[in-house]
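Novice: Dropping a structure here in structure tokens format, bear with me for questions.
Please treat every number below as a calculation from the coordinates, not as lab data. Here the structure is a predicted model, which means the values were calculated and not measured. All Cβ positions, even for glycine, are placed from backbone atoms using ideal geometry, and neighbour counts span all protein chains on display.
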Ligand SMILES: NC(=O)C1=CN([C@@H]2O[C@H](COP(=O)(O)OP(=O)(O)OC[C@H]3O[C@@H](n4cnc5c(N)ncnc54)[C@H](OP(=O)(O)O)[C@@H]3O)[C@@H](O)[C@H]2O)C=CC1
Ligand SMILES: Nc1nc2c(c(=O)[nH]1)N=C([C@H](O)[C@@H](O)CO)CN2
């Protein structure tokens, strides 16, 4: 097992949980953040991961998480910012949702990157990976605030890559449809699949392949990998 742990946020379910398990399979020590205690977190603990509870939507929760993290480690191999809230515009909740998504998608990566760069410098190299969204390329009529917050995250990739080179590489992954949600009906699924040239729901392995590439490639920084099935071709 490699000594310096990898931190992945939002690892309680779906893509984050899948990538956390694959990192463990590949012999990495692992620290995860979660918001709700779920079966996936129990399983990660059983496999030796350190699980830290955190709500990353507000400054106090983010700072408390960083303080707890630093009590458990003084070295990190990588930080993967995966935690995310995906809200369409909701009447009467626009400002609250906007602030929450800017919090989770921008403020949390911003503060964690600033506060934890010292931990990453013990690894050669250190890596930061932001999980964004291909929707940044076009915007979204139904997820305006979500798309804008992910656009901000994509810009953080450029700024932190410039600030932290050469000791730390900073990159992004911009997925389009990877995994449907349980409540997605057939009509929604058919419409979503038709938006890409490849027309499939690929599942989380394609995100882990992208994460693995970024962790293993010593000559890539300031880059956002598009993993969108060719949506830009339609
Ligand atoms: N699924 C897809 O098809 C696509 C996903 N993406 C991006 O990929 C990443 C993973 O997607 P997916 O697995 O679907 O994500 P989910 O919607 O399943 O959410 C991932 C995790 O984020 C955590 N989270 C949400 N809000 C907060 C918060 N305020 N503080 C701390 N943690 C929080 C949740 O924790 P808990 O469960 O404990 O509440 C959840 O486990 C995300 O960044 C997403 O935006 C981009 C495009 C497509
Ligand atoms: N945090 C999340 N972000 C996103 C999700 C999700 O389930 N959780 N899902 C999508 C969709 O797959 C979209 O890409 C296609 O409908 C986007 N972001």
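Novice: Determine whether the range 100-109 contains at least one residue that is closer than 26 Å to residue 3 by Cβ and crowded, with 17+ Cβ neighbours inside 10 Å.
Specialist: For the range 100-109, residues closer than 26 Å to residue 3 by Cβ and crowded, with 17+ Cβ neighbours inside 10 Å: present.
Per-residue answers, yes or no, for (1) in contact (Cβ under 8 Å) with a residue 24 or more places away in the chain; (2) touching a helix residue (DSSP H, G or I) at 6+ places or on another chain (Cβ under 6 Å); (3) under 20 Å from residue 13 (Cβ atoms); (4) surrounded by fewer than 14 Cβ atoms within 10 Å (Cβ to Cβ):
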residue: 132; (1), (2), (3), (4): yes, yes, yes, no
residue: 136; (1), (2), (3), (4): yes, yes, no, no
residue: 162; (1), (2), (3), (4): yes, no, no, yes
residue: 177; (1), (2), (3), (4): yes, yes, yes, no
residue: 185; (1), (2), (3), (4): no, no, no, yes
residue: 188; (1), (2), (3), (4): no, no, yes, yes
residue: 198; (1), (2), (3), (4): yes, no, no, yes
residue: 208; (1), (2), (3), (4): yes, yes, yes, no
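Novice: Looking at the range 78-96, is at least one residue surrounded by 15 or more Cβ atoms within 10 Å (Cβ to Cβ) and away from ligand 2 (no atom under 16 Å from the Cβ)?
Specialist: At the first step, the residues of the range 78-96 found to be surrounded by 15 or more Cβ atoms within 10 Å (Cβ to Cβ) are 78-85, 87, 89.
Checking which are away from ligand 2 (no atom under 16 Å from the Cβ) leaves us with 78-79.
Yes, the conditions are met somewhere in the range 78-96.
Novice: Which of the numbered conditions does residue 72 fail, given that it passes all the others? Conditions: (1) more than 16 Å from ligand 2 (Cβ to nearest atom); (2) surrounded by fewer than 17 Cβ atoms within 10 Å (Cβ to Cβ); (3) within 13 Å of the chain's Cα centre (by Cα).
Specialist: (3)
Novice: Can you confirm whether residue 88 is over 27 Å from residue 209 (Cβ atoms) and in contact (Cβ under 8 Å) with a residue 40 or more places away in the chain?
Specialist: yes
Novice: Here's a follow-up. Which condition number does residue 123 fail, the rest of (1) within 18 Å of the chain's Cα centre (by Cα); (2) away from ligand 1 (no atom under 11 Å from the Cβ); (3) touching a residue at least 40 places away in the same chain (Cβ under 8 Å) being met?
Specialist: Of (1) within 18 Å of the chain's Cα centre (by Cα); (2) away from ligand 1 (no atom under 11 Å from the Cβ); (3) touching a residue at least 40 places away in the same chain (Cβ under 8 Å), only one is false for residue 123: (1).
Novice: Still on this structure: Given the structure, is residue 44 in a helix (DSSP H, G or I) and within 14 Å of ligand 2 (Cβ to nearest atom)?
Specialist: In short, no.
Novice: Criterion first (on the phi > 0 side of the Ramachandran plot, more than 17 Å from the chain's Cα centre (by Cα) and more than 13 Å from ligand 1 (Cβ to nearest atom)) does residue 222 satisfy it?
Specialist: Judged against the criteria, residue 222 is not a match.
Novice: OK, next. Residue check, residue 162 against (1) within 15 Å of ligand 2 (Cβ to nearest atom); (2) closer than 19 Å to residue 223 by Cα; (3) in contact with a strand residue (DSSP E or B) (Cβ under 9 Å, 6 or more places away or on another chain), all met but one. Which one?
Specialist: (1)
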